[in-house]
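Any read-out appearing in this document is the output of simple, stated calculations on the displayed coordinates, not a laboratory observation. It should be emphasised that the depicted structure is a prediction, and the values quoted were computed from it without experimental measurement. Please note: Cβ atoms are built from the backbone with ideal geometry, for glycine as well, and neighbour counts cover all protein chains shown.
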Amino acid sequence: MIGRTLGTRFFASVAAAAALSMGIAANALADGEVNIYSYRQPFLIKPMLNAFTRQTGIKTNVVYAPKGMITRLQKEGRNSPADVVLTVDIGRINDAVEAGVLQPVTSRKLTANVPAQDRDPSGLWFGLTRRARVVYASRERVKAGELSTYEDLATPKWKGRICIRSSRHAYNVALLASLVAHHGEKQAEAWAEGLKANLARKPQGNDRAQVKAIFAGECDISLGNSYYMGKMLTNEKQITWAEAVNVFFPNQKGRGAHMNISGAGVTRHSGRKDNAVKLLEFLTDDLAQKMYAEQNFEYPVKPGVPWSGIVESWGKFKADSIDMVKIAENRATAIKIFDRAGIP
Ligand code: FE
């Protein structure tokens, strides 16, 4: 039903765009709205978008496009009704940059709200939330002091004890890209080989499925994004999985835990750039940042915004401060390394 309503709205927007291209002043149709293509599930962003509409009077229309969004934007070209792209993971943001579907934005508010490491230097995209890629460790089988760094996960003491999701998944690619950025390709490859030797099973499932496997005794540790702990703890079917593990932030004596982001950018052919920028500014400001933190168990990008109580309970930690752009640059190398190492 939602899809149908949105489809109709978008039809109206496409009509408006077509009217504009014919030289007819159709601005009235486009005013007061902003169209969003989202990789994020609608229920996660709806409360923030509702708050945005309440504050600005600008209506939001969302198309949930978990697959094929960039191709769609390219195909639609200048007739695209989309104004804003919302996505998770630096890899997908980078794909949008490389496909040329974003346009640069200058906004003092955005540069003030989003730290430099979490936005594109030319304003093509801005981080909205941050997530740590943590180690989930069995409470029963992993002793305090046994864990230290991502690098250590490639040492023989973890043989047969590690579960991961597919190495091709953007979250694992970004983690390996950070190792390439910090240590170079050769060392990163040695790490991938060491990790492979330590896997308890063939990579499969999502981040939460690895914690379930720890709960089931199939492995002792896994890699996963931090917010999944919050999601499992608030899900009555998964709480037992969550309670079987501790959250561990690696590399606390060194560079800090690997971070990833969710982010947003304004589309290249947006017909409502002002509204699009207003939305980005709103999403990086205190109210929306606090809502994101509480609903999604993510870390706000804006410094000083409080974390959710559950997230706070995992403790303060040191985060890797490397630029997200550097992670993006090393993704292709990371994918090749996983290939050569033969990790599915
Ligand atoms: Fe996720």
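What to note about this one:
- Count of residues meeting criterion [in contact (Cβ under 8 Å) with a residue 40 or more places away in the chain, under 23 Å from the mean Cα position of the chain (by Cα) and assigned to a loop (DSSP other than H, G, I, E, B)] in the stretch 151-193: 5
- Arg92 satisfies every condition listed in (1) under 22 Å from Lys302 (Cβ atoms); (2) more than 16 Å from the ligand (Cβ to nearest atom); (3) in contact with a helix residue (DSSP H, G or I) (Cβ under 8 Å, 6 or more places away or on another chain); (4) among the basic types (Lys, Arg) except (2).
- Criterion: away from the ligand (no atom under 16 Å from the Cβ), part of a loop (DSSP other than H, G, I, E, B) and more than 20 Å from Ala334 (Cβ to Cβ) - qualifying residue of Ala82, Ala112: Ala82
- Evaluation of Gly254 against the conditions (1) within 16 Å of the ligand (Cβ to nearest atom); (2) touching a residue at least 40 places away in the same chain (Cβ under 8 Å); (3) surrounded by fewer than 20 Cβ atoms within 10 Å (Cβ to Cβ) shows that the sole unmet condition is (1).
- In the stretch 211-227, the qualifying residues are those that are among the hydroxyl-bearing types (Ser, Thr, Tyr) and within 11 Å of Val135 (Cβ to Cβ), and the one that is farthest from the ligand (Cβ to nearest atom) is Ser222.
- The C-beta contact set for the stretch 66-85 (first residue under 20 Å from Leu49 (Cα atoms), second residue β-branched (Val, Ile, Thr) and in a helix (DSSP H, G or I), distance under 8 angstrom, 6+ apart or interchain) comprises Pro81/Val14.
- Meeting the requirement of 3 or more residues that are under 30 Å from Phe126 (Cβ atoms) and small (Gly, Ala, Ser), the strands (runs of 3 or more DSSP E) wholly within the stretch 203-296 are 259-267.
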